[in-house]
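Here's the structure we're looking at; comments come further down.
The values are calculated or read from the model by the stated rules, or taken from the named source; none is laboratory data. Since the structure is predicted, the reported quantities are computational estimates derived from the model, not experimental observations. All Cβ positions, even for glycine, are placed from backbone atoms using ideal geometry, and neighbour counts span all protein chains on display. Heavy atoms of the whole protein, side chains included, go into the accessibility calculation; ligands, DNA and RNA do not. Shrake-Rupley method; radii C 1.70, N 1.55, O 1.52, S 1.80 Å.
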Amino acid sequence: MASHARPAAGMVPPVLRDGDLVLRQMRYRDRAAWQRVRQANSSWLIPWEATNPRGAAAPITFRQYVRQQRRQARQDSAYSYVLQWQEELVGQVTLAGVMRGSLHSAHIGYWISEHVAGRGLMPRAVALVIDHAFGSLGLHRVEINVRPENAASLRVPQKLGLREEGLRQRYLHIQGQWRDHRSFAITAEELTGSMLHRLSHPGTR
């Protein structure tokens, strides 16, 4: 399925759609909506978000944040999408750590607003990103790493039928400590058809 061809320099992440769910590049005008959903969900999200073991970095503005995402896409190092459901910004998915060469791999991170959690939006969003990773981006392997205590996030790779590879001890620094993570992965050879179709038809795995 994967072509292993590097995308052209300066590639703009395409809009990915599944019905009323849209994944698109963040825009400068998303500032108010993005900050509103982040503030409303701070207690829901902060316990699971990565931190810097050397201490907090200097804060950046929202405009700098958007520029950073666009620069990463141009450099083919990461592709970040906001989730828009029924025209409301409700979350974010990032395909990060893109490696080419003999690896052709990346990992996916995500968050979603608590008020729409449990509706199956994030599995659909991640499925769209995996299909794009194996298709247009030509990657060979995608992984998702989740803390064992984060039951809501664990349901995403489980619903998608990703292969669990084991426990990565003290894998990521979160809230002042190095935390263990369960690791899930899939390679292009393991996926027949699209991930979105697999999600909708679990009997085809």
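The residues of the chain have, on average, 52 Å² of accessible surface per residue, using a 1.4 Å probe with all protein chains present.
With the cut-off at under 17 Å, measuring from each backbone N in the stretch 166-205 to a point 7 Å along the Cα-to-Cβ line of Asp18 picks out 185-187, 191-205. Quick one: pull the percent of accessible area on the stretch 1-154 belonging to carbon and sulfur, 1.4 Å probe, ligands and nucleic acids left out. The computed percentage sits at 50.
A simple spin-label model places pseudo-atoms 7 Å from Cα toward Cβ; at Gln68 and Glu87 they are separated by 3.1 nm.
Radius of gyration over Kirkwood radius for the chain, both on Cα atoms: the Rg/Rh ratio is 0.93. If the Kirkwood radius is taken over C-alpha pairs of the stretch 135-205, then at 20 °C and 1.002 mPa s the Stokes-Einstein diffusion coefficient equals 161 µm²/s. In this rough spin-label picture, where each label sits 7 Å from Cα along the Cβ direction, the Thr51-Arg100 distance is 3.7 nm. With contacts taken as Cα pairs under 8 Å and at least 6 residues apart, the stretch 87-205 reaches a relative contact order of 23 percent. Semi-axes of the equivalent ellipsoid for the stretch 71-169, computed as √(5λ) from the eigenvalues of its C-alpha gyration tensor and ordered from largest down, come to 22, 18, 11 Å.
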